[in-house]
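Colleague: Let me give you the structure first, and then I'll get to my questions.
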Amino acid sequence: MTITSRERASGLSGILPDGFSQPYRAGELYPQPPYRYRGAESLSLVYEAQAAPIRTMLPPGVSIDAELATVSLVASTYQRTPFGAYREFYFTVLVDFNGEKYMYSPVMYADNEGAFAAGRELWGFAKKTAVMDFRITSGQWTFSATRHDGLPLIDLSVACQATDLPAAAQSVAHPTLTMKLIPGGSPGHPAVAQLIATHNKKAMHKDAFGDPDRWSGRAAVAIQAASATDSLTPFLPAGECIGWYSHYDCDLPAGEVIWDYLTGK
């Protein structure tokens, strides 16, 4: 391929005038954000876990200072998105970076290829794929996930007991932090290594009486994955779980680079 002097002078805008994601000019997998999510439903759990095993999953400069880490586990089903309908679950952990609080996401699973690829490539969400089920049965919401070979990952449930938002929800009301890591040509020399912060505001759906479409109550989670490639046991609860269901809309924005490991700023 020969690139003309005009194309070199115009930079990537001249070489890639109308492409955002792969396959280039052949049915790209995902469009440019922000992404409209409508009719989203999520089960959210907050609890404490031993910090020591989670620290091994944190990038340089990101820290947990306490002996017990504050963990949020969110399992969602999305009905209307640019990727179509899909489900996902992820863990986030309350961390500190440069004196600011964030919810760092060390691992996430999705069942949609567009959401999987966009999450990894744009934000650095550490997504893998899984088979998931989200439903309400016997007065509780339940969610389960397994890998494609049948390996169990998690089972969680939230009881329908109250409609208020638990006080514990405020402890995890911080921007999401991810590490965007794109490998280079050799180990230890990534092409991209950045911390990305994302502020994802949600607008709650309301019922016919004008109240937020939300339920809260007792919650439980069984974390079963302990394989070499899917070790979720660092996120085992060290005490009780607080949980709630929410029904909402959001516009997922592009993240903000708050640190670039390659430039050191």
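The values are calculated or read from the model by the stated rules, or taken from the named source; none is laboratory data. Everything quoted here is computed from the prediction, not taken from an experiment. As a convention, Cβ positions derive from the backbone with ideal geometry for all residues, glycine included, and neighbour counts pool all protein chains shown. Note: areas computed on protein heavy atoms with side chains; ligands, DNA, RNA excluded. Shrake-Rupley method; radii C 1.70, N 1.55, O 1.52, S 1.80 Å.
Colleague: Identify the residue in the stretch 103-134 that is of a type in the set (F, W, Y), assigned to a strand (DSSP E or B) and within 13 Å of the chain's Cα centre (by Cα) and, among all such residues, is nearest to A51 (Cα to Cα). If you could, list the steps in order and put the result at the bottom.
Modeller: We begin by selecting, within the stretch 103-134, every residue of a type in the set (F, W, Y); these are 104, 109, 116, 123, 125, 134.
Checking which are assigned to a strand (DSSP E or B) leaves us with 104, 109, 134.
Filter again for within 13 Å of the chain's Cα centre (by Cα), leaving 104, 109.
Values: Y104: 13, Y109: 22 Å.
Going through the qualifying residues, I end up with Y104.
Colleague: So which pairs qualify, if the first residue must be in the stretch 197-223 and under 18 Å from G243 (Cα atoms), the second must be open to solvent by less than 40 Å² (accessible area, probe 1.4 Å) and of a type in the set (V, I, T), the Cβ gap must be under 8 Å, and the two must be at least 6 apart or on different chains?
Modeller: W215/V158; S216/V158; G217/V158; R218/V158; A219/V158; V221/I154; A222/I154; I223/I154
Colleague: Check every one of the strands (runs of 3 or more DSSP E) wholly within the stretch 214-265 and list those with 3 or more residues that are small (G, A, S) and under 15 Å from V158 (Cα atoms). Give the derivation first.
Modeller: Values: elements: 214-223, 241-252, 256-260.
Counting at least 3 such residues, we get 214-223.
Colleague: Just checking, which of T146, T142 is more than 30 Å from D211 (Cβ to Cβ) and not hydrophobic (A, V, I, L, M, F, W, C)?
Modeller: On the way: T142 fails: more than 30 Å from D211 (Cβ to Cβ).
Exactly one residue qualifies, and that residue is T146.
Matching residues to (1) at positive phi; (2) among the aliphatic types (A, V, I, L, M); (3) out of contact with any strand residue (DSSP E or B) (no Cβ under 7 Å at 6 or more places or on another chain):
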{"site": "L156", "(1), (2), (3)": "no, yes, no"}
{"site": "Q161", "(1), (2), (3)": "no, no, no"}
{"site": "L165", "(1), (2), (3)": "no, yes, no"}
{"site": "S171", "(1), (2), (3)": "no, no, no"}
{"site": "L177", "(1), (2), (3)": "no, yes, no"}
{"site": "I182", "(1), (2), (3)": "no, yes, no"}
{"site": "G185", "(1), (2), (3)": "no, no, yes"}
{"site": "G188", "(1), (2), (3)": "yes, no, yes"}
{"site": "Q194", "(1), (2), (3)": "no, no, no"}
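Colleague: So, one more: Cβ-Cβ under 7 Å, sequence separation 6+ or interchain: first residue in the stretch 82-103 and under 12 Å from V62 (Cβ atoms), partner of a type in the set (G, A, S) and part of a loop (DSSP other than H, G, I, E, B). Which pairs?
Modeller: Close Cβ pairs (under 7 Å, with a partner that is of a type in the set (G, A, S) and part of a loop (DSSP other than H, G, I, E, B)) amount to F97/G61.
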